[in-house]
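Structure, as structure tokens:
What follows draws every value from the coordinates through simple rules; no lab data is involved. Computed from a prediction, not measured in an experiment: that's the story for all the values here. Methodologically, a virtual Cβ is constructed for each residue, glycine included, from the backbone with ideal geometry; neighbour enumeration extends over all protein chains shown.
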Amino acid sequence: MKAAPLLVLLAGALVALLLTASPVRAQEPGVDPAPIATAEPSPAPPSGPGGLLRLLPDPKEWVAEVFNRVLVNLLQGLADALHGLVGGVLGSALNFITQTPPSGSYASPTVQGLWGVVRVIANAAFVLVALWGGFNVTLREGLGSPYHEAMDLFPRLILGALLVNTSLSWTQLAIDTNNALCSAVGQASLPAWERANTASQALVDVLAALIYLVTSLLLLLQALMRLALVDVLLVVSPLALLCWTLPQTQGWARLWSSTFFGAVFTQFVQVLTLKLGGSLLTELTPMAADSALLAVLLGVAVLVLTLKVPSLMRHHLDDGLGFVRYYAYRRMAGKLEGAGTPTPARQGGRP
């Protein structure tokens, strides 16, 4: 038949194809067949509400961490604002913490204008002062009061007029002297200022830096109040020095003098305290990370001491112009009396 050879060829081709596609390896005797690897079943997830809670973080720890982070960020924001405020004043030309700026005191146009107005008032009141002094001289014998004689009153009137019209120059000399003393101490700044940063994320470090910056802000406010007080005393200086002429008003002049010189030269003692505290702090606390907190706390102690300096000195300052006025008055009185010959009244008796 014609189809027989064709079927034989197709059968041979099919057998050859099966042999090449899936060859069968004969099993060697004595060798176990390789085990078939099977995937291990994955553990079943915990069932029930207790198993699900074990997969979540502890709510108490999570709330404490979130609260701590929010509090640290809030305190860091406040500390950064205070650091920028105090640092801006320290780095500006109007630094009134370690000096008394002339532009904010005697060189201010506002202060000079008001001082001129008060000087005109003091010069107008000088006539009343002279009349009052003459009344004291006339009635001193009848009243038995230790008022000035005529030869005492005239030098006082002349010196009082001189002080009234040159008071701004004398007060400027005092302020410039204070600034020179502060500059002689050296470049003074707030102690531990560089370490009072909020880069640390620890709550205790941020709190210490915030306490330091709040204390620095209090010192800044005190220095600003001191500058305002100095300006007020500059403006009223003509009237205050006019009060020195009469014995009835000398108490006002002494009050102004002690207050002015105390307000001006107290700054030198404060700058000296800051300089000394900063130098000692650098020696006692090395520049190490573990000493940053201690340095900030010591800086707070120095700032608190600096804040207390004005109150410590307030009750221990005498009349600042006393020696100058006494010397000028005695020299002028001696010339008017004729080479300073003492009178019987000055020798302890009356004529």
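Numerical summary
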{"quantity": "For Ser105, residues with placed amide H under 5 Å, excluding near neighbours", "calculated": "none"}
{"quantity": "Segment Lys308-Phe135, length gained on full extension (0.36 nm per residue, minus Cα span)", "calculated": "57.7 nm"}
{"quantity": "Taking Val304, Val264, Val72 and counting other C-beta atoms within 10 Å, the order from fewest to most", "calculated": "Val304, Val72, Val264"}
{"quantity": "Burial ordering of Lys275, Lys60, Lys308, fewest other beta-carbon atoms within 10 Å first", "calculated": "Lys60, Lys308, Lys275"}
